[in-house]
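> For reference, the structure I am asking about is given below.
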Amino acid sequence: MPWWFFRRHSHNSSHAADPAQPSSGRQLGEVALPRLHGSRRYLQEQPYLLPKDLGEVNRLDFQHYALRAALRGNYLAPIEQPRRILDVGCGTGQWAFELAQQFPQAQVVGLDLEQVKATTPPPNYRFVQGDTLKGLPFENNSFDFVHQRLLFLAIPLNAWPGVVQELARVTAPGGWVELVETGTALQDWLPCGPATQEFWRLAAQLAALRGIDTDAVPRSLGRYLEEAGLVNIHYQPFNIPLGEWGGRIGSLMALDLREACKAIGAPIAAHFGRSEQDLLQLIERASQEWNEFRTKWPFVVAYGQKPLTH
């Protein structure tokens, strides 16, 4: 099935899986794209713009620590003692590992297209292979806390309402769903310089070709939660400084964003006929601008609760 055709699976008992058991998943192919630095591996038949390889594993772990420092924690939802936690699009699993350690009495499940990090997880953590665009392989009301972070480059715009409905479906009454996203809308990045603006325009154009709207998603998160039937919705934008002017966190986030831009730069160069060197120079100019203009990276955290009577 092509990635742009979003279809919700039926959720009868024959299609459900226990959260502790891995689900069967198709093998994903690979596509070779022009390289910016070394060999980068990208998933085929997926809208996702970022690579899936060791370099990206390292960047995602680094990003996790930087975001945790900026947010002063791993979540904002007022969870107490959850029994089951789900991290959708878990990436390297680092967020889920830390929740498993924080709540040793809970069963923590990480779901992603593939398991990308070979490590020994906490004993109360399990990985499940799955594709959120095809529905979640779990029973209704399975989890007390469902978390999804930074999938704005992975989920086509028309799929977002259905994806959030799925998150709500597997959340237990009284449980919480939390979404963390960013985007490329230039009005949210101001002040920023011309190189930064040019790069985000190219990234947004490439994303649009894959059905992804990197501008609309962050400001729509609260509406998606409301349409999914959740209540007590909180929508919290926050900006993180980029560059040395922002101290330790600003330096960490700037390094993370530079590496992410380089990873996205490979498919940008391939599609728009730009040379690798041209893209690298553009990214370097942009990173210098972050200090010059005191640019901030815009994020949104939105969370809501499933009604007890749902």
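> Limiting things to C-alpha atoms, what are the Rg and the maximum Cα-Cα separation (Dmax) for region 27-305, in angstroms?
According to the Cα coordinates of region 27-305, Rg and Dmax are 18.2, 53 Å.
> Ok, one more. For region 179-310, report the convex hull volume of the alpha-carbon atoms normalised per residue, in Å³, without decimals.
108
> State to the nearest 20 debye the size of the charge dipole of region 27-305 about its Cα centre, where the only charges are +1 on K and R beta carbons and -1 on D and E beta carbons.
That gives region 27-305 a dipole magnitude of about 220 debye.
> Expressed as cubic angstrom per residue, what is the convex hull volume of the alpha carbon set of region 65-110?
Each residue corresponds to 75 Å³ of Cα convex hull volume.
> Further, regarding this structure: How do the peptides 76-82, 146-152 rank, highest first, by the average count of neighbouring beta carbon atoms within 10 Å per residue?
Ranked by mean Cβ neighbours within 10 Å, highest first: 146-152, 76-82.
> Let me ask something else. What does DSSP give for region 27-305 in terms of the percent of beta bridges that are antiparallel, rounded to the nearest 5?
Rounded to the nearest five, the antiparallel share is 45 percent.
> While we're here: To make sure I understand the rule: partners must be lysines, Cα under 18 Å from the Cα of K296, and not fewer than 8 residues away in the same chain. Which ones qualify?
The reachable lysines, counting only those whose Cα sits under 18 Å from K296, number zero.
Read-outs throughout are calculated quantities, based only on the coordinates presented, and are distinct from any laboratory measurement. Quantities reported herein were computed from a predicted structural model and do not represent experimental measurements. In this analysis, Cβ positions are derived from the backbone assuming ideal geometry, glycine residues included, and neighbour counts consider all displayed protein chains.
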